[in-house]
Amino acid sequence: MTEQEKLRIDKYLWAIRLFKTRSLATEACKAGRVKFNGQNIKPSVIVKPGDVYQVSKGIEKKVIEVVELSYNRTEAKVAVTKYKDITPLEETYAYKSTFHAPVMTRDRGAGRPTKRDRREIDGLTDNFFEED
């Protein structure tokens, strides 16, 4: 393999626009949020077409398959063609459903909740999140 044919995972994840900066991609690898065959990998791992990686970014989890190597960061339309998103539908919907969860709000200017208010709020959230 020549030097141009070798591509590090952190540079690849940055080039396909999964991470905003290369240093964020490097930190994700070091923190164990990028996996190959279920194993944590170092940022220096060499990427090959056909490899499948699990990438966690916040609450979002993606499973991507490398289709083509990308050495430089390109526009988003081109970047999406360099990998195939094979994330299972269950995980995709689980991620999206967290945004539709009910949000507790208080009227502006209502002040801090009293002890009685706090108990009522805790009772509501306990009942909502209980498993049947």
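Mind checking whether some residue in the range 84-97 is closer than 30 Å to ALA15 by Cα, modelled with pLDDT of 85 or more, surrounded by 10 or more Cβ atoms within 10 Å (Cβ to Cβ) and in contact with a Ser or Thr (Cβ under 8 Å, 6 or more places away or on another chain)? Taking every residue of the range 84-97 in turn, none turns out to be closer than 30 Å to ALA15 by Cα, modelled with pLDDT of 85 or more, surrounded by 10 or more Cβ atoms within 10 Å (Cβ to Cβ) and in contact with a Ser or Thr (Cβ under 8 Å, 6 or more places away or on another chain). Every condition in (1) touching a helix residue (DSSP H, G or I) at 6+ places or on another chain (Cβ under 9 Å); (2) at pLDDT 90 or above; (3) in a loop (DSSP other than H, G, I, E, B) holds for ALA79 except the one numbered (3). In the range 9-61, of all residues being in a strand (DSSP E or B) and aromatic (Phe, Trp, Tyr), the one that is farthest from LYS77 (Cα to Cα) corresponds to PHE36.
Residues in the range 39-81 that are more than 14 Å from LYS11 (Cα to Cα), free of Cβ contacts under 8 Å to residues at least 24 places away in the same chain and surrounded by 12 or more Cβ atoms within 10 Å (Cβ to Cβ): ASN40, ASP51, GLN54, GLU65, VAL67, VAL78, THR81.
Take the conditions outside any helix (DSSP H, G or I), out of contact with any Phe, Trp or Tyr (no Cβ under 9 Å at 6 or more places or on another chain), exposed (fewer than 12 other Cβ atoms within 10 Å of the Cβ) and modelled with pLDDT under 95 and apply them to GLU5. Does it pass? In short, yes.
The values are calculated or read from the model by the stated rules, or taken from the named source; none is laboratory data. Model, not experiment: these values are computed from the prediction. As a convention, Cβ positions derive from the backbone with ideal geometry for all residues, glycine included, and neighbour counts pool all protein chains shown.
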